[in-house]
1. Residue by residue, what Karplus-based ³J(HN,Hα) values in Hz, rounded to whole numbers, does the range 264-277 have, using 6.51, -1.76 and 1.60 with θ = phi - 60° and x for Gly and Pro?
2. Please check: in the Gaussian network model of the chain (C-alpha springs, under 10 Å), which one of SER127, SER236, SER154 has the largest mean-square fluctuation.
3. Hey, what do the phi angles of the range 207-215 turn into as Karplus ³J(HN,Hα) couplings, whole Hz, using 6.51/-1.76/1.60 and θ = phi - 60°, x for Gly and Pro?
4. What is the dipole size for the chain, taken about its Cα centre, with +1 at each Lys and Arg Cβ and -1 at each Asp and Glu Cβ, in debye to the nearest 20?
5. Within the set of other residues whose C-beta is less than 13 Å from the C-beta of PRO196, count the net charge using Lys and Arg as +1 and Asp and Glu as -1.
6. How would you classify the chain from its alpha-carbon gyration tensor, with a ≥ b ≥ c the square roots of the eigenvalues: rounded for a/c under 1.5, else prolate if a/b is greater than b/c, otherwise oblate?
7. Using θ = phi - 60° and the Karplus relation 6.51 cos²θ - 1.76 cosθ + 1.60, list the HN-Hα couplings for the range 283-300 in order, rounded to whole Hz, with x at every Gly or Pro.
8. Which value in deg cm²/dmol, rounded to the nearest 500, describes the helix-derived mean residue ellipticity at 222 nm for the chain, given -39,500 (n - 2.57) per DSSP H run of n ≥ 4 and division by the residue count?
Amino acid sequence: MSSRWLLLAVPLALGLAWGEAEPLAVFAACLVAIVPLVGLIGDATERIASRLGPTLGGLFNSTLNNLPELIIGGVALSNGLAPVVKASLTGAILANLLVSLGLALIVGGLRHGPQQFDPRRLAVNGSMLMICAFCFIVPAMFSIGTPEGTRDLSFEMSFVLVGMYLMNVAVTLLGGGGGTSLPDDADLAEGHAAMPIWAGLGVLVAAAGCLGVITEALSHALEPTARLLGLSNTFSGLVLLGGAGSLGEVLSGCQFARRGRPSLVLAATVGSTIQLVLLVAPLLVFAGRLMGQPMDLAFTGFEVAAIVLATLITRELIEDGTATWFEGFLLLGVYLILAIGFYHLPA
């Protein structure tokens, strides 16, 4: 990958962090270092998945698709930054639906013309997206007047969400006429050189470990950097952390679009968002309970509104089964509007 040279930022970021350099320098170096690490995790995951066969390979790729978001969220949560974790989840959802899908539609549309999606798969993904939006509305409604009570509500809801995810995977694997699609091994192998499974696992573990260490340093530098730049923690988590964690989906979506694979574009963007809500968010709630951190699914009203709007707009633009490069441009515009809104949101 062309971004491999950015791996030089990893030792630089660690050196700045351990040398107690200025928080702004540490934050910038860590943010750059996250980019190639996320790319390595995504690349290693796809290479391993292509070796495991269609069933196990698709399941492996789908399950680890959001590993960077899980690592970033878990480390930030361990440092007592639950609001930042929620913001990063919101940012990842917005980046997947608006940036990843938007760029993919632009790349695919300019190269291959209007993108055609499978109507059946599109209908299932659209319905799942609406359910995901609903999952954030319920805790937000019950948090009014009883914010403490939402922790138990979120904990109990998380079991339901994980159950829905497992059922979705089971239905998809069994081919029972529903569920969101898992990438096929032939699709995953395309464009990748052969790599032994042990080598892929080694790269995956090493990149994930480095990402955890870098995120730890980033978490410590986040608050002083936000104060210095006049940014809120919410904006920093939403745009910077959420965007960095979603880099893998952005790269995958553009790659699949360039190859003329709209079904895989849908899996890398909308499918990844569904997994983020049904699996990653509940796992972070469980992690918060174990760590004694106040992590729940009661997002702020602005975050819930942004997620619902992004879901409705995305579904509206692609529900007819055809999408053009101009619609991708519109999705990017919506993301910029929401980002500007969060920038001006008081801390």
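Any read-out appearing in this document is the output of simple, stated calculations on the displayed coordinates, not a laboratory observation. Quick caveat: nothing in here was measured; it's all calculated off a predicted structure. A quick note on method: Cβ atoms are made from the backbone with ideal geometry, for glycine too, and the neighbour counts reach across all protein chains shown.
1. Values, residue by residue: 6, 4, 5, 5, 6, 10, 5, x, 5, 5, 4, 5, 4, 7 Hz.
2. Looking only at SER127, SER236, SER154, the largest GNM fluctuation is found for SER127.
3. Result, ordered by residue: 5, 5, x, 4, 5, x, 5, 5, 5 Hz.
4. Charge dipole of the chain: 380 debye, to the nearest 20.
5. +2
6. rounded
7. Values, residue by residue: 4, 5, 5, 4, 5, x, 5, 5, 7, x, 9, x, 8, 9, 9, 8, 6, 5 Hz.
8. -23000 deg cm²/dmol
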